[in-house]
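Notes for the one structure printed next.
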Amino acid sequence: MHPVVAEVTARISERSRPDRTAYLQRLDAAAERGPARGRLACANLAHGFAASGPVDKAALRGNVKPNVAIVSAYNDMLSAHQPFESFPAQLKRAVIRSGGIAQFAGGVPAMCDGITQGRDGMQLSLFSRDVIAMSTAISLSHDMFDAALMLGVCDKIVPGLLIGALSFGHLPTVFVPAGPMTSGLPNDEKAAIRQRYAAGEIGREELLEAESASYHSAGTCTFYGTANSNQMLMEVMGLHLPGASFVNPGTPLRAALTDAAAARSTALTAWGESFTPVGRIVDEKAIVNGCVALLATGGSTNHTVHLVAIARAAGITLTWDDLADLSAVVPLMARVYPNGKADVNHFHAAGGLAFTVHSLLKHGLLHDDVETVAGHGLWRYTTEARLTGVGDKAELTWEEGTKRSHDTDVLRGADDPFAKDGGLRMLDGNLGRAVIKTSAVKAEQRQVKAPARVFDDQADFLRAFEAGSLEGDFVAVIRFQGPAANGMPELHKLTPALGVLQDRGQRVALVTDGRMSGASGKVPAAIHLTPEASVGGPLARVQDGDLVSLDADTGLLDVHVSAYDLENRPVARADDSLVFGTGRELFAAFRSHVGPADQGASVFPTHGFVEDLDA
């Protein structure tokens, strides 16, 4: 193992020991109680199979087959989740063929950040992750199930499903992806058209035509945002079958992988040949593997929040310092939009995750000694799924994956990377702590020292841009966008405007307690700033004209105001109207209890397994 990866893993294990030990004790106690439905009273069990057909009833009454829960984020508005409509029936048939039985346990909400960008609904986005986790727990709460199949793809859905599944950590769980849509309008063309629209050079119809050519069919959006980062993480953390992440919907291989996931879920139960609870798969090594793969592929900055929350759901304490230390030694191996021109289909064709995992293992940057849904050892994820034969006789196999990239403009080995570090860094200073993604920022743009232009909402910034009042060099400060203020929405709408100003020769940067996913692109953006403005963080004291330094190379984020003056300035307050309407008032309890971004921005306890167990 690379010494830094080994050291980071060891310190995570050490700091997590009390909570992780208590979590595993709970997991083992639940698993030792045997088949879940066997403990139900007759009336309870009768409710559990009342609507089932005669054959399923007999199987559920007999208590001799594993029962697999299906939890789905299906809806037919979202392209990524639309393919799931037919999955439950397919999964049930495949589970039955493998000797089990399956029931649709529940649905979870799935909202789309792409639709809600810049809208009030985006303020529900991050909180939807914890709602999904709770919905998953409710789906599994009936003590009817011996394993679970999780159907989800996009931004908050997969982290929410996994957090919920980890609360039932004794159940084997397999994640079932739907795959990305085929490639549409090239990403560099899309980005150029967005900037032309922001500059007023084209109208809405031209922009809509371009967006429609980009997002054009069923499947996940093809850029490498949080949705596709989710798929990568589920595979590298051993929760997908090998090679499952980036196979397009509606293909024979996609169908075969879905069947195989169902069959594997029964094999992982206490009834099968290799009992493997999800809480055992998601351990300290798996969390580090997820961090390394995120950094190596240039994945979404949202996972600096989600991975922390996922880890804590399994009794593991991951910190931003861990991510920063890993980023310093993990090379950037992929260039996928917004960190390049290619999309995930091009990444998959170039060698994809099989090549990525192979190269990272070869250089000691991933742990091989882990449990996965495919069996012991991450080496299994260096293989590629293939169909041999045709028609009804086609058989799913896994073959050794490529040992070289088929397109070095998109994917490279760890020995010949695009950059020596993962392009994700932590910033510290008198403004607090923040995350910055540098993989798409040119070296000469990574240091900005300029006066602050302070806004309390991205709409105010955009109005100033449209009015032509953003002249000269400046650091845009967009505050009151943290989890306790308004749910920490993504601020993608800022990217085209900031890009236009940068292209005009202005030195610009962004500082915010909100999120940007991977969309900050070529503009240096200090995001997830903690402590946030709404809880009295220093950002609430910054004023127009204050000199701000952002240095991505040295990790500095400072406002050039004396400590005394900064402390004695009045604290700005957010407009209460920001959190009413579009259902936002229903989430007041979330805003008042949510933790900071560097602890996962969750409403769930960040620790307490030991105290709760003792109680």
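The values are calculated or read from the model by the stated rules, or taken from the named source; none is laboratory data. The model shown is predicted, which means the values in this text are computed figures rather than measured ones. Cβ atoms come from the backbone with ideal geometry, glycine included; neighbour counts cover every protein chain shown.
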Yes/no for Leu233 being modelled with pLDDT of 90 or more and crowded, with 21+ Cβ neighbours inside 10 Å: yes
Exclusive hit being in contact (Cβ under 8 Å) with a residue 40 or more places away in the chain, surrounded by 15 or more Cβ atoms within 10 Å (Cβ to Cβ), outside the structural domain of Ala227 (by TED's automatic domain parsing) and closer than 30 Å to Ala178 by Cβ, set Leu27, Leu60: Leu60
Pairs with Cβ under 7 Å, 6+ apart, first in the stretch 543-567 and in the same structural domain as Arg453 (by TED's automatic domain parsing) and in contact (Cβ under 8 Å) with a residue 40 or more places away in the chain, second among the basic types (Lys, Arg) and assigned to a strand (DSSP E or B): Asp544/Arg453; Leu547/Lys449; Ser549/Lys449; Ala552/Arg425; Gly555/Arg425
Residue within the stretch 280-290 that is among the aliphatic types (A, V, I, L, M), over 30 Å from Asp421 (Cβ atoms) and assigned to a helix (DSSP H, G or I) present: no
Filter pass, Tyr224 being aromatic (Phe, Trp, Tyr) and surrounded by fewer than 24 Cβ atoms within 10 Å (Cβ to Cβ): no
Unique residue being of a type outside the set (Gly, Ala, Ser) and either surrounded by fewer than 23 Cβ atoms within 10 Å (Cβ to Cβ) or part of a strand (DSSP E or B) (or both) when the list is Leu366, Leu387, Leu353: Leu387
Residue within the stretch 565-578 that is surrounded by fewer than 24 Cβ atoms within 10 Å (Cβ to Cβ) and under 29 Å from Gln195 (Cβ atoms) present: yes
Residues of the stretch 140-160 classified as over 19 Å from Met488 (Cα atoms) and buried (at least 24 other Cβ atoms within 10 Å of the Cβ), total: 9
Qualifying residue in the stretch 95-106 (condition: hydrophobic (A, V, I, L, M, F, W, C), part of a helix (DSSP H, G or I) and in the same structural domain as Thr258 (by TED's automatic domain parsing)): yes
Phe104 out of contact with any helix residue (DSSP H, G or I) (no Cβ under 7 Å at 6 or more places or on another chain) and not basic (Lys, Arg): no
When residues of the stretch 161-189 are limited to those that are in a helix (DSSP H, G or I) and either without any contact (Cβ under 8 Å) to a residue 24 or more places away in the chain or under 23 Å from the mean Cα position of the chain (by Cα) (or both), the one surrounded by the fewest Cβ atoms within 10 Å (Cβ to Cβ): Glu189
The stretch 258-297: number of residues that are more than 12 Å from Leu171 (Cα to Cα), surrounded by 24 or more Cβ atoms within 10 Å (Cβ to Cβ) and either in contact with a Ser or Thr (Cβ under 6 Å, 6 or more places away or on another chain) or of a type in the set (Phe, Trp, Tyr) (or both): 3
Some residue of the stretch 116-132 being in contact (Cβ under 8 Å) with a residue 60 or more places away in the chain, surrounded by fewer than 24 Cβ atoms within 10 Å (Cβ to Cβ), in contact with a helix residue (DSSP H, G or I) (Cβ under 8 Å, 6 or more places away or on another chain) and in a loop (DSSP other than H, G, I, E, B): yes
Single residue of Gly521, Gly583 found to be of a type outside the set (A, V, I, L, M, F, W, C), at pLDDT below 95 and surrounded by 21 or more Cβ atoms within 10 Å (Cβ to Cβ): Gly521
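This table checks each residue for (1) surrounded by fewer than 24 Cβ atoms within 10 Å (Cβ to Cβ); (2) in contact with a strand residue (DSSP E or B) (Cβ under 8 Å, 6 or more places away or on another chain); (3) part of a loop (DSSP other than H, G, I, E, B); (4) modelled with pLDDT of 95 or more.
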{"site": "Met426", "(1), (2), (3), (4)": "yes, yes, no, no"}
{"site": "Ile436", "(1), (2), (3), (4)": "no, yes, no, no"}
{"site": "Ala450", "(1), (2), (3), (4)": "yes, yes, no, yes"}
{"site": "Arg453", "(1), (2), (3), (4)": "yes, yes, no, yes"}
{"site": "Ala464", "(1), (2), (3), (4)": "yes, yes, no, yes"}
Pairs, first under 14 Å from Ser16 (Cα atoms) in the stretch 279-291, second part of a helix (DSSP H, G or I) and of a type in the set (A, V, I, L, M, F, W, C), C-beta under 6 Å, six or more apart: Glu284/Ile12; Ile287/Ala311
Subset tally (residues that are over 26 Å from the mean Cα position of the chain (by Cα), among the hydrophobic types (A, V, I, L, M, F, W, C) and in a loop (DSSP other than H, G, I, E, B)) for the stretch 197-247: 2
Subset of the stretch 535-554 (residues that are over 13 Å from Gly432 (Cα atoms) and at pLDDT 95 or above): Gln543, Asp544, Gly545, Asp546, Leu547, Asp551
